[in-house]
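Trainee: Handing you a structure now.
The values are calculated or read from the model by the stated rules, or taken from the named source; none is laboratory data. Quick caveat, the model's predicted, so the values are computed rather than measured. Counting neighbours? That spans all protein chains shown, and the Cβs are built from the backbone with ideal geometry, glycine included.
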Amino acid sequence: MQQKILILDFGSQVTLLIARRIREAHVYCEVHPADVDDAWLRAYASDGQLRGIVLSGSHASVAAEDTLSIPDAVFTLGVPVLGICYGMQCMAHQLGGRVECGHQPEFGPADVRVLAPSPLFDGLADYKTASGSAMLHVWMSHGDRVEALPPGFRAVASTERCPIAAMADEDRRWYAVQFHPEVTHTRLGVEMLRRFVLDICGAQADWIVGNRVDSLVAAMRERVGSDQVILGLSGGVDSSVAAALLHRAIGQQLTCIFVDHGLLRQGESEEVMEVFAHQLHATVLRVDASEQFLAKLAGVSDPEAKRKIIGAEFIAVFRAQAERLLACPQPGSRTGERGDAWLAQGTIYPDVIESGSGKKAAVIKSHHNVGGLPEQLGLRLLEPLRDLFKDEVRELGLALGLPPAMVYRHPFPGPGLAVRILGEVRRDYADLLRRADAIFIEELRRTIDPDTGKSWYDLTSQAFTVFLPVKSVGVMGDGRTYEYVVALRAVQTSDFMTADWAELPYALLKTVSSRIINEVRGINRVTYDISSKPPATIEWE
Ligand code: XMP
């Protein structure tokens, strides 16, 4: 049985970060929408594994009429509770304190003074005042604030503008902070969350995904039995790890369908086949549909129209292949009746949380998440990674023996090079782009930053080349050239919602530019994109 921490999500933008921080402390936690009722909570705790509850923030106000409240059972289950921001205000409001609403909002960095001993903060300080008070750099984002403590609580921290910035009832092990420990701007926030789950809740730090391969494999084996499973393999991290896990669990009952739409990067198709078909001996059906995709894209230059065409075509190709497979089941699998087959997807935990809370997904989803297909094909949906964060998926991938270069690769959009060739997609453009991009990536991997010892590929979150269908004049030898332009794009980001352009070393840019211009006939000019997101986006289309 797995011990667990429950995070009740009141709708904050950063609830996911609370879960990530707790998982990073190797404690298993789950996020559930806060509108659960007491019966749900009691059933959730009935296995005896619940160790504590965290109440997230929210943009709501406790004074609003339609606002969510904390289910009573949170306070009767006898487990420690930590309220964050709105979670704290809600605790104060419901437990007999007073919250002042519409107070002057406080957004951004603040310095918190620790007022009294508390296992959350003891021994922690970013600096000390002349009088010896421990001070913590934190991140605030609130309009309302707690004005009067509920019975049994005392104030344990304050800021100049928020006299009760943290409160605690040590006897009942109820804690609350007005600031956000889950965001990196709260420098010691990770440590506070770690203390809550390990010291206060007494949870064991036993959630190590790399050690759980056997139990994950066993769970998949039991779930699938002797059924047939189909998986859309894109070569991205999630579908690759899902495929490797399922292959380990059910071997030849798994068939991967790998659709090559002709807009993949150089060597990508071969690499996927090498790892899955040749090294892992998985059954991979590679479908070369490049002619079909390029024909449909001919003459189309609008980015969204290109995306729609590729999405629809992908579904059509995948569906045709899946139907063919189901009609003639693989050796070793059962009858091949529709009820006996599954469609596996590389859905990961952030996707589950986003859809569960009815929130808009933060990152545009890949069309390889073939939504709607399971019902159309009469297949059952299998999501082997749905409990895992991206970092955990990578850890699992390594434990399953996937190459680090595959596990740590940058994300690649579903429509592939189609959104990196501005305007109309043509095969000759794609060929030029592939060669230029391969040079850029090779040099990023090769160039090591002396300060960190890491390659510039690992120091960037996403890097690629964009093809600009404009010609410019150049000179080569004695001759004038009139050829195409490419732009290099490299960004650093933690969430892909905002991103900074990477300050790549000039020497690296120089090598890349010189190699592309010399080695790729047809390109005579290389530029570097120095736009941040926002207002630019990461991709050019
Ligand atoms: P933008 O360009 O919106 O990109 O700043 C943010 C992240 O999303 C990826 N992206 C896509 N991924 N299908 C995908 O699977 C798409 O249509 C798509 N468009 C953008 C982009 O590569 C970046 O990681």
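Trainee: Out of (1) out of contact with any Asp or Glu (no Cβ under 7 Å at 6 or more places or on another chain); (2) modelled with pLDDT under 95, the odd one out for Leu41 is which?
Mentor: Looking at each condition in turn, Leu41 falls short on (2).
Trainee: How many residues, within region 477-498, are away from the ligand (no atom under 14 Å from the Cβ) and in a strand (DSSP E or B)?
Mentor: Qualifying residue count, region 477-498: 9.
Trainee: On the basis of being touching a Leu at 6+ places or on another chain (Cβ under 7 Å) and either farther than 24 Å from Val14 by Cα or basic (Lys, Arg) (or both), does Ala134 make the cut?
Mentor: Spelling it out, Ala134 is indeed touching a Leu at 6+ places or on another chain (Cβ under 7 Å) and either farther than 24 Å from Val14 by Cα or basic (Lys, Arg) (or both).
Trainee: With respect to Leu398, determine if the residue is surrounded by fewer than 19 Cβ atoms within 10 Å (Cβ to Cβ), free of Cβ contacts under 8 Å to residues at least 40 places away in the same chain and away from the ligand (no atom under 16 Å from the Cβ). Even if it seems obvious, please write down each step before you answer.
Mentor: Values: surrounded by fewer than 19 Cβ atoms within 10 Å (Cβ to Cβ): yes; free of Cβ contacts under 8 Å to residues at least 40 places away in the same chain: no; away from the ligand (no atom under 16 Å from the Cβ): yes.
No.
Trainee: Those residues that are more than 22 Å from Glu106 (Cα to Cα) and surrounded by 19 or more Cβ atoms within 10 Å (Cβ to Cβ), I need them from region 161-192; list them, please.
Mentor: The one that is more than 22 Å from Glu106 (Cα to Cα) and surrounded by 19 or more Cβ atoms within 10 Å (Cβ to Cβ): Trp174.
Trainee: Look through region 408-442, keep the residues that are within 16 Å of Ala490 (Cα to Cα) and β-branched (Val, Ile, Thr), and return whichever of them is nearest to the ligand (Cβ to nearest atom).
Mentor: Here the residue is Val419.
Trainee: To continue, here is another question. Return only the number of the condition from (1) within 16 Å of the ligand (Cβ to nearest atom); (2) assigned by the TED database to the domain that holds Pro303 that Phe464 does not satisfy.
Mentor: Condition (2) is where Phe464 drops out.
Trainee: Quick check on Ala39: is it more than 30 Å from Ala134 (Cα to Cα), in the same structural domain as His185 (by the TED database), more than 25 Å from the chain's Cα centre (by Cα) and not in a loop (DSSP other than H, G, I, E, B)?
Mentor: Working: more than 30 Å from Ala134 (Cα to Cα): yes; in the same structural domain as His185 (by the TED database): yes; more than 25 Å from the chain's Cα centre (by Cα): yes; not in a loop (DSSP other than H, G, I, E, B): yes.
Considered against the rule, which asks whether it is more than 30 Å from Ala134 (Cα to Cα), in the same structural domain as His185 (by the TED database), more than 25 Å from the chain's Cα centre (by Cα) and not in a loop (DSSP other than H, G, I, E, B), Ala39 comes out as yes.
Trainee: So, restricting to strands (runs of 3 or more DSSP E) that lie completely within region 199-318, which ones have at least 2 residues that are touching a residue at least 12 places away in the same chain (Cβ under 8 Å) and under 30 Å from Arg20 (Cα atoms)?
Mentor: Output list reads 228-232.
Trainee: Quick check, is Arg445 surrounded by fewer than 21 Cβ atoms within 10 Å (Cβ to Cβ), away from the ligand (no atom under 16 Å from the Cβ) and either aliphatic (A, V, I, L, M) or farther than 17 Å from Ala490 by Cα (or both)? If you could, list the steps in order and put the result at the bottom.
Mentor: Numbers: surrounded by fewer than 21 Cβ atoms within 10 Å (Cβ to Cβ): yes; away from the ligand (no atom under 16 Å from the Cβ): yes; either aliphatic (A, V, I, L, M) or farther than 17 Å from Ala490 by Cα (or both): no.
No.
Okay, residues lined up against (1) within 20 Å of Gly236 (Cβ to Cβ); (2) at pLDDT 95 or above; (3) aliphatic (A, V, I, L, M); (4) assigned to a helix (DSSP H, G or I):
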{"residue": "Tyr429", "(1), (2), (3), (4)": "no, yes, no, yes"}
{"residue": "Ile441", "(1), (2), (3), (4)": "yes, yes, yes, yes"}
{"residue": "Tyr457", "(1), (2), (3), (4)": "yes, yes, no, yes"}
{"residue": "Ser472", "(1), (2), (3), (4)": "no, yes, no, no"}
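Trainee: What residue, among those in region 358-383 that are under 16 Å from the mean Cα position of the chain (by Cα) and away from the ligand (no atom under 16 Å from the Cβ), is modelled with the highest pLDDT?
Mentor: Looking at the filtered set, the residue picked out is Glu383.
Trainee: Now for a separate question. Among the residues of region 505-541, write down those that are within 16 Å of the ligand (Cβ to nearest atom), among the acidic types (Asp, Glu) and under 19 Å from Ser472 (Cβ atoms).
Mentor: From region 505-541, those within 16 Å of the ligand (Cβ to nearest atom) are 529-541; that's our starting set.
Okay, now just the ones that are also among the acidic types (Asp, Glu), so 529, 539, 541.
Selection gives Asp529 alone.
Listed here are the residues, each with its yes/no results for (1) in contact with a helix residue (DSSP H, G or I) (Cβ under 8 Å, 6 or more places away or on another chain); (2) within 17 Å of Glu519 (Cα to Cα); (3) surrounded by 19 or more Cβ atoms within 10 Å (Cβ to Cβ).
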{"position": "Pro403", "(1), (2), (3)": "yes, no, no"}
{"position": "Pro415", "(1), (2), (3)": "yes, no, yes"}
{"position": "Asp428", "(1), (2), (3)": "no, yes, no"}
{"position": "Leu433", "(1), (2), (3)": "yes, yes, yes"}
{"position": "Trp456", "(1), (2), (3)": "yes, no, yes"}
{"position": "Ala463", "(1), (2), (3)": "yes, no, yes"}
